[in-house]
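This report refers to the structure that appears directly beneath it.
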Amino acid sequence: MLDNRKPYLPKLQGLVNTPRTWEAFTEMLDAVIDLHHKKLEQAVEPVDLYKAQGAVQALRQLKFLRDEVNASQKTDKKAA
């Protein structure tokens, strides 16, 4: 069922299951999250605060991409 809604997940296996690549990706996410945290600290306007919060939330969700891809694989194997 997941595969029908997210057909791109199997295509991401190379990214999430290659340790060196995944570590580099998560390091990049952490660096960008840090930048948005600085924006949060310096925000004067509420809109800027909300934008930075949303960006941090989206980036943190990307850190769970590996779990989502691997879960979809398990679901596909059970369905087969």
Give the range 12-26 a look and list any residue that's of a type outside the set (Val, Ile, Thr) and touching a helix residue (DSSP H, G or I) at 6+ places or on another chain (Cβ under 9 Å), or say none.
Leu12, Gln13, Gly14, Leu15, Asn17, Trp22, Phe25
Pairs with Cβ under 7 Å, 6+ apart, first in the range 16-38 and over 22 Å from Gly54 (Cβ atoms), second loosely packed, with under 12 Cβ neighbours inside 10 Å and not acidic (Asp, Glu):
none
Within the range 54-69, how many residues are assigned to a helix (DSSP H, G or I) and exposed (fewer than 15 other Cβ atoms within 10 Å of the Cβ)?
6
Across the range 9-28, which residue is modelled with the lowest pLDDT among those that are under 13 Å from the mean Cα position of the chain (by Cα) and under 16 Å from Asp67 (Cα atoms)?
Leu9
Go through the range 19-53 and give me each residue that's in a helix (DSSP H, G or I) and of a type in the set (Gly, Ala, Ser).
Ala24, Ala31, Ala52
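The values are calculated or read from the model by the stated rules, or taken from the named source; none is laboratory data. None of these values were measured; they are calculated from a predicted model. Counting neighbours? That spans all protein chains shown, and the Cβs are built from the backbone with ideal geometry, glycine included.
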